[in-house]
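Everything on this sheet refers to the single structure shown next.
The values are calculated or read from the model by the stated rules, or taken from the named source; none is laboratory data. Computed from a predicted structure; not experimentally measured. As a convention, Cβ positions derive from the backbone with ideal geometry for all residues, glycine included, and neighbour counts pool all protein chains shown. Heads up: the accessible areas ignore ligands, DNA and RNA and are worked out on the full protein's heavy atoms, side chains in. Shrake-Rupley method; radii C 1.70, N 1.55, O 1.52, S 1.80 Å.
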Amino acid sequence: RALIEVNGLKKRYMMGSQEVWALDGVTLSIEEGDYVAVMGPSGSGKSTFMNMLGCLDTPTSGTYHLRGEDVSTFSDDELAEIRNHEIGFVFQTFNLLPRVNCLRNAELPLIYAGMSKRDRRERAAEALRSVGLGDRLDHRPNELSGGQRQRVATARALVNRPALLLADEPTGNLDTETGDEIMELLEGLHRQGNTILLVTHEEAIAHHARRVIHLRDGKLEREETVEEPALAG
Ligand code: ADP
Ligand code: ADP
């Protein structure tokens, strides 16, 4: 079965007495190794969908199976556990700890996973090498360029070897050239077999993925298959 199976997913928010269906019945499968972009205008439900797939929140109704487990019924503690082990997050704003070096930033998820210091350091160094920062282990974020900071964030996201890499507007704070560099990095990670879900409102960024899902008003409006992905650079 697919790595991710989402069925009739709905999320309702209440604005006073007004109901808002941020997601209104989304059904989608993601296979291991897929590279999927979620596109849509502001308010179409992208963040809500990402929060569901990232196990940051649970749906109002519908199911979400991750590796065959229905995580839509999980408690907050169980969700946190899944999040720590199965999901890697990359955000627009990097979210690095400013006062510690790359190695310590990249090893953070392994601290939550309870791994020994020696193993953590080894795995974090390996993750940083895999994003081309093997020679920056001891640098702090403010000693790095924006693109390098996003690479550190990507290394941190990968250090747990997550089932799913979630990238939410990963180029949003970068200039075009640096953004292309990050898209090239994601392309490489895709080729190595990582499963990637990219959330963006930019068509050109979305077309780096192999499947583009268009959301509108909380519904999956259409899906495109990208035959020749945009080549970075
Ligand atoms: P996008 O990320 O595509 O901009 P969102 O998922 O943030 O879309 O929002 C989808 C809809 O749900 C919007 O109408 C938004 O106003 C509403 N919404 C999102 N989060 C909340 C919330 N916490 N409370 C109330 N309404 C919300
Ligand atoms: P948006 O894309 O709507 O601007 P963010 O990307 O900042 O929002 O965050 C999306 C969701 O992820 C939010 O629910 C936020 O609480 C959560 N989040 C943000 N940073 C982290 C983090 N470092 N680890 C886990 N969850 C986070």
- Task: Answer with yes or no whether residue 28 is within 14 Å of ligand 2 (Cβ to nearest atom), under 18 Å from the mean Cα position of the chain (by Cα) and touching a residue at least 12 places away in the same chain (Cβ under 8 Å).
- Result: no
- Task: Within region 127-161, work out how many residues are open to solvent by 20 Å² or more (accessible area, probe 1.4 Å) and not small (Gly, Ala, Ser).
- Result: 16
- Item | Checklist (1) among the β-branched types (Val, Ile, Thr); (2) open to solvent by 30 Å² or more (accessible area, probe 1.4 Å); (3) within 16 Å of ligand 1 (Cβ to nearest atom); (4) more than 28 Å from residue 184 (Cβ to Cβ) applied to residue 93, failing item | (4)
- Which members of region 141-173 meet the condition of being in contact with a Pro (Cβ under 7 Å, 6 or more places away or on another chain) and either part of a loop (DSSP other than H, G, I, E, B) or without any contact (Cβ under 8 Å) to a residue 12 or more places away in the chain (or both)? 159, 160
- Note on the structure: Result of the Cβ filter at 9 Å on region 49-60, keeping first residues that are without any contact (Cβ under 8 Å) to a residue 24 or more places away in the chain and partners that are near ligand 2 (Cβ under 10 Å from one of its atoms), at least 6 apart or interchain, is 51/57
- So is residue 104 free of Cβ contacts under 8 Å to residues at least 40 places away in the same chain, of a type in the set (D, E, K, R), within 16 Å of ligand 2 (Cβ to nearest atom) and outside any loop (DSSP other than H, G, I, E, B) or not? yes
- Please go through region 174-203 and pick out each residue that is away from ligand 1 (no atom under 16 Å from the Cβ), in contact with a helix residue (DSSP H, G or I) (Cβ under 9 Å, 6 or more places away or on another chain) and in contact (Cβ under 8 Å) with a residue 24 or more places away in the chain. 174, 175, 178, 179, 181, 182, 183, 185, 186, 189, 194, 196
